[in-house]
Amino acid sequence: MRNKLLFTSLLLGSTLISFGQDEKLDMPIIQKIREEGLQRSQVMETAFYLTDVNGPRLQGPGFMKAANWAKTKLTGWGLQNARLEPWGEWGKGWAVEHCYLAMTVPYYKTIIAIPRAWSGSTNKLQAADILYISSTDTTALESYRSKLKNKVILLDQAYTITPTFRADASRYTDEALQKMANEAPPAQRSGPDTTYRSRILAMRTQNAFNQKMRKLAKQEGALGMLNTTQNSIDGTLFVSGDYANAAIGATPDDLADLSIAVEDYLTLCRLMKAGVPVKLEIDVKTKFFTDDTKGYNVLAEIPGTDPKLKEEVVMLGAHFDSWHAATGATDNAAGSAVMMEAIRILKTIGVKPRRTIRLALWSGEEQGLHGSKNYVNNHLVDPATNKLTKEGDNIAAYFNVDNGTGKIRGVYLQGNQAVGPIFSQWLKPFNDLGAIAVTPRNTGGTDHLSFDRVGLPGFQFIQDPIEYGTRTHHTNMDTYDHLQPDDLKQAATVVASFVYNAAMRDQKLPRKAATDQAAR
């Protein structure tokens, strides 16, 4: 009750409430945003169509089916210039048509298995023995050359499974959010990030081994290979694809490459180490698509109305693509549905923004931020000078959602200290909904980085983790049932208000100082 009274008190008095210098919030509009977003939300209907109806949105046909649906939906809501904009060459599309794996000796056991993206097929049901390889030395692979035909490859792993004593789902406490808010601004790095470089070197070494293994295995007639991860436990499989080759380097006759649970993987390893005969049945059919090899983003707008500011643009976006083990609900149908809902809210309540508001639903994020990165390169940066174009300089702000289904708890500043007091004021009307924290912390791994790296104000929201890192992110459990309706309604409402405030402000949001840019 106290929080409700607090918000109601903000609405009393004048139409514009000033929390600080130049930050005058239009409280009647914010109240309309809250009513539309919290009481008449369509966010779960949008999420249903993106997941259950469409299926996975992997780069290719799955993405394009959903993108065309979104374009039609945005047009129906009255958005202007809804379109699929090509950003460049992507490569082959890919989809799974059939997958079956079982152990038949020493006893029958069905094995949950999901092909890694852009892996190949067995073309039919085949019986197979396992070739167990304990060495990761690329020079030692030659000793297996005559042993690979009709085999499924199993590489030794030393994983161990330990009980999980923590709950899968969590929310930030007020104390944790306060700690984030109190952090010092990110320090400038004085030298190379040796930890990052070591990790990249290890990945490259493993990738070199895997690529040589696949090449040799394909030459010698192997049927496929198995893989797992340490956290693929309790029926949850973490599945992605070959980042190095992705779509362009893959061919239909590549090996079948199946992700399985770590429990099943370790069972097979123990049996092979003990010399127990093991036989498998495997049947995998994947399909490659070459009819359209371009990548596309979905864009739509509410045009600006101020003659002096309408060429400036406030952008909101989320990556629209997903991996394929499930339907990509929390990663990132949630973020896409939130951003579509945010712009629907603004259109429905009839706002007349001074600046243009542009929604972007990105493709190819999972393989390296391709959609947003190429949008920035194609529109916002001059390749000859590496400086912002006029269109780039007109970007007032970019807001991103890509951390699952949790409600918004605040904003990461990406080291942009000047914008902190502004965002703190913008959050005040939503403190009663749990959105309270502004942290100087950087966060990475998603599309706001494409803007931040060229000096534009790009921001990701802080969200409650829920089950994102433990159960749904890049897994076969990432389905509609793991979405939290009230959290997504709150998120869309907060985003809509932030976008509206940025579109109505007299000035664009502050950008990082030159020293901050040099530190990125």
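Using +1 on the beta carbon of Lys and Arg, -1 on that of Asp and Glu, and nothing else charged, what's the dipole of the chain about the Cα centre, debye to 20? Working shown, then result.
Working: 59 positive and 55 negative charges, 106 e Å.
Computed about the Cα centre, the dipole is about 500 debye.
Under the rule a/c < 1.5 gives rounded, and otherwise a/b versus b/c splits prolate from oblate, where does segment 107-183 land using the Cα gyration tensor?
In terms of gyration-tensor shape, prolate.
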Could you compute how fast segment 399-439 diffuses translationally, taking Rh as the Kirkwood radius over C-alpha pairs and applying Stokes-Einstein at 20 °C with viscosity 1.002 mPa s? Give it in µm² per second. 199 µm²/s
Span from the segment 330-352 Cα centroid across to the segment 365-386 one, whole angstrom: 24 Å
How big is the dipole moment of segment 347-498 about its Cα centre under a simple scheme where the beta carbon of each Lys and Arg is +1, that of each Asp and Glu is -1, and everything else is neutral? Debye, nearest 20, please. 680 debye
Based only on the alpha carbon positions, what is the Kirkwood hydrodynamic radius of the chain, in angstrom? 24.6 Å
Using a 1.4 Å probe on the protein heavy atoms only, what accessible surface does E36 show? Give it in Å² to the nearest 10. 10 Å²
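Using a 1.4 Å probe on the protein heavy atoms, what percent of the accessible area of the chain belongs to carbon and sulfur? Walk me through the intermediate numbers first.
Values: 11610 of 22620 Å².
Here it works out to 51 percent.
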Which order, highest average first, do 423-431, 388-396 follow once you tally other Cβ atoms within 10 Å for each residue and take the mean per peptide? 423-431, 388-396
Rolling a 1.4 angstrom probe over the protein chains, ignoring ligands and nucleic acids, what is the accessible area of S41 in square angstrom, nearest 10? 30 Å²
Using the Cα centre of the chain as origin and beta-carbon charges of +1 (Lys, Arg) and -1 (Asp, Glu), tell me which of W77, V276, T122 is placed farthest towards the positive end of the dipole. W77
What percent of all Cα-Cα pairs in segment 305-373 falls in each 10 Å bin, counting up from 0? 20, 41, 27, 12, 1
Where a label projected 7 Å from the Cα of R171 along Cα→Cβ would reach, residues of segment 475-504 with amide N under 18 Å: 482-495
Using only Cα positions of segment 86-136, each an equal point scatterer, no hydration layer, compute I(q)/I(0) via Debye at q = 0.15, 0.17, 0.18, 0.29 Å⁻¹ and quote the log10 values to two decimals. -0.64, -0.76, -0.82, -1.26
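Averaged per residue, what accessible surface does segment 35-131 expose to a 1.4 Å probe, in Å²?
On a per-residue basis, 44 Å².
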Paramagnetic reach from S240 in segment 451-481 [backbone N under 17 Å; point 7 Å along Cα→Cβ]: 468-478
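If you roll a 1.4 Å probe over the heavy atoms of the protein chains, what accessible area per residue do you get for segment 419-466, in Å²? Walk me through the numbers on the way to the answer.
Working: 1130 Å² over 48 residues.
That works out to 23 Å² per residue.
Between V105 and K212, what's the calculated FRET efficiency when r is the beta-carbon distance and R0 is 51 Å? Round to 0.05. Don't skip to the end; give the middle numbers.
On the way: r = 30 Å, r/R0 = 0.58.
It comes out at approximately 0.95.
The values are calculated or read from the model by the stated rules, or taken from the named source; none is laboratory data. What you are looking at is a predicted structure, and each value in this text was computed from that prediction instead of being measured. Here the Cβ is made from the backbone with ideal geometry for all residues, glycine too, and neighbour counts use every protein chain on show. Note: accessible area is taken over every heavy atom of the protein model, side chains too, but ligands, DNA and RNA are not part of it. Shrake-Rupley method; radii C 1.70, N 1.55, O 1.52, S 1.80 Å.
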